[in-house]
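What follows is a single structure, written as structure tokens, with notes after it.
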Amino acid sequence: MRRLRRRLGMLADESGSALVEFVFIALVVFVPLIYILAGFSAVQRGVFASTAAAREAGRAIGTAPDPATGLARAARAAQLAVEDQSVAASDVRVAYAAAGVDCADAGGFTPTLAPGEEFSVCVTVTVRIPFLPEFVDANTATGQFVVERDRYIDG
């Protein structure tokens, strides 16, 4: 009987330890897990934003009557598409590449919008990871959309 009381007394001294262990596990496991999920969702949002912006900019410039109007429309369409994904529009770069050229080499090409012309619209979005400083901007997502102008356009 004494042994049983002694054991019950030892158990009474450990009351509340499950709460402390749960809080410790929650801080060690759940907080980093939530941060990782927030980081992945920010990167995925940037990828969606760059892809949608490239598609919308390509459609805007592909239907424009002249290059100046097309470039302005494409820049505005990319800005709107990026803002739609809740990404800062200041972190967007729209560039154009000739047919068959990768987006890494884009930037020196300007489309003429001639009938039958084919080119790529490349949109690069800088992705900001939550709680990282502003100067950490190495995370970028690039979307590409190939535009082929109709061969039978007046112009």
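Out of the residues in region 119-151 meeting the condition of being among the basic types (Lys, Arg) and in contact (Cβ under 8 Å) with a residue 60 or more places away in the chain, tell me which one is farthest from residue 40 (Cα to Cα).
149
Run residue 33 past the list (1) modelled with pLDDT of 90 or more; (2) in contact with a strand residue (DSSP E or B) (Cβ under 9 Å, 6 or more places away or on another chain) and report the number of the one that doesn't hold.
Exception for residue 33: condition (2).
Would you confirm whether or not region 80-91 contains a residue that is among the β-branched types (Val, Ile, Thr), surrounded by 13 or more Cβ atoms within 10 Å (Cβ to Cβ) and closer than 30 Å to residue 132 by Cβ?
Filtering region 80-91 for residues among the β-branched types (Val, Ile, Thr) gives 82, 87.
If we keep only those that are surrounded by 13 or more Cβ atoms within 10 Å (Cβ to Cβ) as well, we get 82, 87.
Going one step further and asking which of them are closer than 30 Å to residue 132 by Cβ, we end up with 82, 87.
Scanning region 80-91, I find at least one residue that is among the β-branched types (Val, Ile, Thr), surrounded by 13 or more Cβ atoms within 10 Å (Cβ to Cβ) and closer than 30 Å to residue 132 by Cβ, so the answer is yes.
How many residues does region 91-137 hold that are aliphatic (A, V, I, L, M), more than 20 Å from the chain's Cα centre (by Cα) and within 13 Å of residue 74 (Cβ to Cβ)?
Going residue by residue through region 91-137, those that are aliphatic (A, V, I, L, M) are 92, 94-95, 97-99, 101, 104, 106, 113-114, 121, 123, 125, 127, 129, 132, 136.
Subsequent filtering for residues that are more than 20 Å from the chain's Cα centre (by Cα) retains 97-99, 101, 113-114.
Add one more test, that the residue is within 13 Å of residue 74 (Cβ to Cβ), and what stays is 113.
Of the residues in region 91-137, 1 are aliphatic (A, V, I, L, M), more than 20 Å from the chain's Cα centre (by Cα) and within 13 Å of residue 74 (Cβ to Cβ).
Looking at (1) under 20 Å from residue 129 (Cα atoms); (2) surrounded by fewer than 16 Cβ atoms within 10 Å (Cβ to Cβ); (3) modelled with pLDDT of 95 or more, which is the one condition that is false for residue 72?
(1)
Find the residue count for region 109-139, including only residues that are surrounded by 15 or more Cβ atoms within 10 Å (Cβ to Cβ) and either modelled with pLDDT under 90 or part of a loop (DSSP other than H, G, I, E, B) (or both). Spell out the reasoning first.
First pass over region 109-139, keeping only residues surrounded by 15 or more Cβ atoms within 10 Å (Cβ to Cβ): 109, 111, 113, 117, 119-129, 139.
Applying the additional criterion that residues be either modelled with pLDDT under 90 or part of a loop (DSSP other than H, G, I, E, B) (or both) yields 109, 111, 113, 117, 126-129, 139.
So the answer is 9.
Among the residues of region 29-43, which ones are surrounded by 13 or more Cβ atoms within 10 Å (Cβ to Cβ) and either more than 13 Å from residue 128 (Cβ to Cβ) or touching a Leu at 6+ places or on another chain (Cβ under 7 Å) (or both)?
Of everything in region 29-43, just one residue is surrounded by 13 or more Cβ atoms within 10 Å (Cβ to Cβ) and either more than 13 Å from residue 128 (Cβ to Cβ) or touching a Leu at 6+ places or on another chain (Cβ under 7 Å) (or both), namely 35.
The values are calculated or read from the model by the stated rules, or taken from the named source; none is laboratory data. Treat the numbers as computed from the prediction; the structure is a model and nothing was measured. Cβ sites come from the backbone with ideal geometry, for glycine too, and all protein chains shown count toward neighbours.
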